[in-house]
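The values are calculated or read from the model by the stated rules, or taken from the named source; none is laboratory data. All values derive from a computational prediction rather than experimental measurement. We place every Cβ from the backbone using ideal geometry, glycine too, and count neighbours over all the protein chains shown.
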Amino acid sequence: MSKSDVTGIILAGGKSRRMGREKLFLDVGGQPLFERVFYPLRMVFDDILIVANDQKRFERYQVPLVSDIYPGSALGGLYSGLMHAATPWGFVCAADMPFVNLSLIRYLLTQTTNYDIVVPVSEQGVEPLFACYSKRCLPAMEQALENRQYKIIDVWETLRVCEVPMTKFRHLPAIETAFINLNREEDVHYSHQLLTPKRG
């Protein structure tokens, strides 16, 4: 599949409840957290869109901004982004993942033939907010949202899902940080440590 068939969709509508403060523009290694997601995705995808309810904060990035059609859940944000994408596929990434792994994205895109969803499986389990979704998923997502079922993986029962195990991509550079997301203050501190050059 060509990257022209895919829109990069950034989910930026979270409430930062666990962090206790707005996190997407926190400084992480000298750069706002959101930009650590946005600029790498721009290197891969011609089309980018941002799903955010507070859209004014993202206007400077000059890409399409969409609001949640079904507010209040990651599934709702995923559905909204995929619905507005002008391409048959979307690559979805949460906006709080500061170590976006471009090699992994490119690998996942090679696995989409005959599937509706391609999702990596890390040591923590499936990673539905760093995954490829076909527009064929939209009816099942809409049905779940109408039924107030908000778990993304519950939608997969009726779809063709390729779960890519860690053994398939463990060899990729910097893969050990690919799925870090910043939910708590200690996550921010840990990311700063990883991004600070070691002396000596």
Fill in the blank from the handout: Scanning the stretch 130-166 residue by residue, the ones that are at pLDDT 95 or above and hydroxyl-bearing (Ser, Thr, Tyr) total 2
Exercise for the section: Collect the residues in the stretch 105-140 that are more than 25 Å from Tyr39 (Cβ to Cβ) and among the aliphatic types (A, V, I, L, M), keeping them in residue-number order. Expected result: Ile117, Val121, Val126, Leu138, Ala140
Handout entry: In the stretch 119-136, the residues that are under 12 Å from Ala85 (Cβ atoms) and surrounded by fewer than 23 Cβ atoms within 10 Å (Cβ to Cβ)
Key = Ser134, Lys135
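Go through the stretch 141-166 and give me each residue that's part of a loop (DSSP other than H, G, I, E, B), surrounded by fewer than 16 Cβ atoms within 10 Å (Cβ to Cβ) and in contact with an Asp or Glu (Cβ under 8 Å, 6 or more places away or on another chain). Show your work before the answer.
Looking only at the stretch 141-166, we keep the residues that are part of a loop (DSSP other than H, G, I, E, B), and these are 147-151, 159-160.
Then keep just the ones that are surrounded by fewer than 16 Cβ atoms within 10 Å (Cβ to Cβ); that gives 147-151, 160.
Within the stretch 141-166, just Arg160 meets the criteria.
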Exercise for the section: Could you grab me the full set of residues in the stretch 14-25 that are surrounded by fewer than 20 Cβ atoms within 10 Å (Cβ to Cβ) and at pLDDT 80 or above? Expected result: Phe25
Completion exercise
Ala86 meets each of (1) within 26 Å of Ser4 (Cβ to Cβ); (2) crowded, with 21+ Cβ neighbours inside 10 Å; (3) over 17 Å from the mean Cα position of the chain (by Cα) with one exception, condition (2)
Problem - Residue selected from the stretch 40-83 under the condition acidic (Asp, Glu) and either at pLDDT 95 or above or over 10 Å from Leu11 (Cβ atoms) (or both), by the criterion surrounded by the fewest Cβ atoms within 10 Å (Cβ to Cβ) - result: Glu59
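Tell me which residues, restricted to the stretch 167-200, are modelled with pLDDT of 90 or more and part of a loop (DSSP other than H, G, I, E, B).
Matches in the stretch 167-200: Phe169, Arg170, His171, Leu172, Pro173, Ala174, Ala178, Phe179.
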